[in-house]
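Please read the structure below before turning to the comments.
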Amino acid sequence: PDVRTPPVLSSIVVASAGVVSDVNVTINITHTFDADLDIFLIGPNGTRVELTTDNGGSGDNFVSTVFDDQAVTSITAGVAPFTGSFKPEGLLSSLNGISAAGTWTLEITDDAAIDSGTLNSWSLQITNPAGAYQCTSCSLAAPGEATNLLFTSASSVSWSAASTGRLASTPCLR
C-alpha cells in the first residue's frame, strides 16, 4: 500500500503461543523523503514500540532495514537509504515476556503531504526460550496475512507479511 496519512497498518497474525524473548523487525519501504515517516511496531498486547520517527533527512528508502535492540548503530545515527541493522528509537525488549500469539501490526505515518512511498514488505523474527514452541506438526492459521513461515529452530520462528498469498505450513520437530 502507499504510505500516507492516515497511517498505513499492516498486520501479521500469529496463532501459536510462545513467550517472546526477542523481536526483530525487517522493513522494505520506498519513499522519497524518509524523514517524513513515523514507524511503530504494535504487539498483540497493544504495546507500541517506536522503530523510527523523522530520521533520514531528505534521503530515500529503507532497504532490508532490520530493527534489532542488539544492533550497534542507532537508527538516529544512520543515513538513508537505511540498509542493515539498527537499534530502534524505542525498545523492542519491551515486548519480551508477552505471548507471541495475536496480531502484530506495523504502523507507518507519513507526516508530510508532498512526498510519497510504498510499503513493499516487512517481516518479524520472534525468538523464544528453548522449548516454547512444542509441536510435531505446526500450522499457523492466518490465510492471507503471512507467508514464508520458517521455524529456524525449536526456539525461533519467522515469517513475512504479504498483501496476498497463503500461509506456509511447516512441520517443526522437537
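The values are calculated or read from the model by the stated rules, or taken from the named source; none is laboratory data. Please read all numbers here as calculations on a predicted model, not as lab measurements. Glycine also receives a Cβ, built like all others from the backbone with ideal geometry; neighbour counts cover every protein chain displayed. Heavy atoms of the whole protein, side chains included, go into the accessibility calculation; ligands, DNA and RNA do not. Shrake-Rupley method; radii C 1.70, N 1.55, O 1.52, S 1.80 Å.
Only one residue in Thr103, Thr118 is part of a strand (DSSP E or B), hydroxyl-bearing (Ser, Thr, Tyr) and open to solvent by 60 Å² or more (accessible area, probe 1.4 Å), so which one is that?
Going through Thr103, Thr118 in turn, just one is part of a strand (DSSP E or B), hydroxyl-bearing (Ser, Thr, Tyr) and open to solvent by 60 Å² or more (accessible area, probe 1.4 Å): Thr103.
Failed condition for Asp60, given (1) in a loop (DSSP other than H, G, I, E, B); (2) within 27 Å of Gly46 (Cβ to Cβ); (3) modelled with pLDDT of 50 or more; (4) open to solvent by 60 Å² or more (accessible area, probe 1.4 Å), with all others met?
With (1) in a loop (DSSP other than H, G, I, E, B); (2) within 27 Å of Gly46 (Cβ to Cβ); (3) modelled with pLDDT of 50 or more; (4) open to solvent by 60 Å² or more (accessible area, probe 1.4 Å) applied to Asp60, the lone miss is (2).
Name every residue in segment 64-82 that is at pLDDT below 95 and surrounded by 15 or more Cβ atoms within 10 Å (Cβ to Cβ), in order of residue number.
Once the filter is applied, which keeps residues that are at pLDDT below 95 and surrounded by 15 or more Cβ atoms within 10 Å (Cβ to Cβ), segment 64-82 yields Gly78, Ala80, Pro81, Phe82.
Out of the residues in segment 28-39 that are part of a strand (DSSP E or B) and crowded, with 21+ Cβ neighbours inside 10 Å, which is nearest to the chain's Cα centre (by Cα)?
Ile39
Could you please let me know if Asn55 is farther than 17 Å from Ala80 by Cβ and part of a loop (DSSP other than H, G, I, E, B)?
Taking the combined requirement at face value, the residue does not satisfy it.
I'd like the full set of residues that are open to solvent by less than 30 Å² (accessible area, probe 1.4 Å), of a type outside the set (S, T, N, Q) and within 30 Å of Ser16 (Cα to Cα), limited to segment 43-57.
Result: Gly43, Val49, Leu51.
Give the residue, chosen from Val14, Val8, Val25, that is touching a helix residue (DSSP H, G or I) at 6+ places or on another chain (Cβ under 8 Å) and open to solvent by less than 20 Å² (accessible area, probe 1.4 Å).
Val25
Among the residues of segment 83-97, write down those that are buried (at least 20 other Cβ atoms within 10 Å of the Cβ) and not aromatic (Phe, Trp, Tyr).
Hits for segment 83-97 are Lys87, Pro88, Leu92, Leu95.
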